[in-house]
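Here the structure is laid out as structure tokens; the discussion comes afterwards.
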């Protein structure tokens, strides 16, 4: 799920202030993913479940499982949309990777947080793999400055 492009620019303080909310949302995302996975298994696997989302008819006797899957999927999508609605960009649900568009020295960058981290402590250029993210205080030896 790719969010619409956002124009909001976050300061480091604004991004850090959202970490407790993001922790909560990603716990809900994890729970919804577990429920969706269990319901998909009961339906005969994730491929079958995804086909139901695409409009395929529910197999006879699997209505309850299909409803559980649909509900869990809706919970998952709603949580992702709540995070994106804050101006953040959910980049990877598996990793809990969230970007916060920002600026550094007049250049657009993404502050970067991953589920379980106590604060926003990394950044990367838009479109770059988060595995190549840099620590904020180590970025070229320059202090983190937002303009």
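A short reminder: the numbers here are calculations on the coordinates, not readings from a lab. None of these values were measured; they are calculated from a predicted model.
How much of the calculated P(r) for region 36-103 lies past 19 Å, in percent of all Cα pairs? Before the final figure, lay out the partial values.
On the way: 981 of 2278 pairs.
That tail contains 43 percent of the Cα-Cα pairs.
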Can you tell me the orientation of helix 63-85 relative to the chain, as the angle in degrees between its alpha-carbon axis and the longest Cα principal axis, to the nearest 10?
10
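Which semi-axis lengths, in whole Å and largest first, follow from the square roots of five times the eigenvalues of the Cα gyration tensor of region 1-78?
On the way: eigenvalues 222, 40, 12 Å².
Those come to 33, 14, 8 Å.
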Helix-only estimate, please: 222 nm mean residue ellipticity of the chain, summing -39500 (n - 2.57) across DSSP H runs of length 4 or more and dividing by its residues, to the nearest 500.
-14000 deg cm²/dmol
Report, to the nearest 10°, how far helix 19-43 tilts away from the longest principal axis of the Cα atoms in the chain, using its own Cα long axis and a range of 0 to 90°.
30
Expressed to two decimals, the chain has a Cα Rg over Rh, using the Kirkwood radius, of 1.09
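For region 77-142, what does the relative contact order come out to in percent, with C-alpha contacts under 8 Å and a separation of six or more? Mind showing how you got there, number by number?
Details: 90 pairs, mean separation 11.6, N = 66.
Across region 77-142, relative contact order equals 18 percent.
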Once you keep just the Cα pairs under 8 angstrom separated by 6 or more residues, what percentage relative contact order results for the chain?
24
Only Cα pairs within less than 10 Å get springs; with that Gaussian network setup on the chain, which residue of 116, 55, 44 has the largest fluctuation?
55
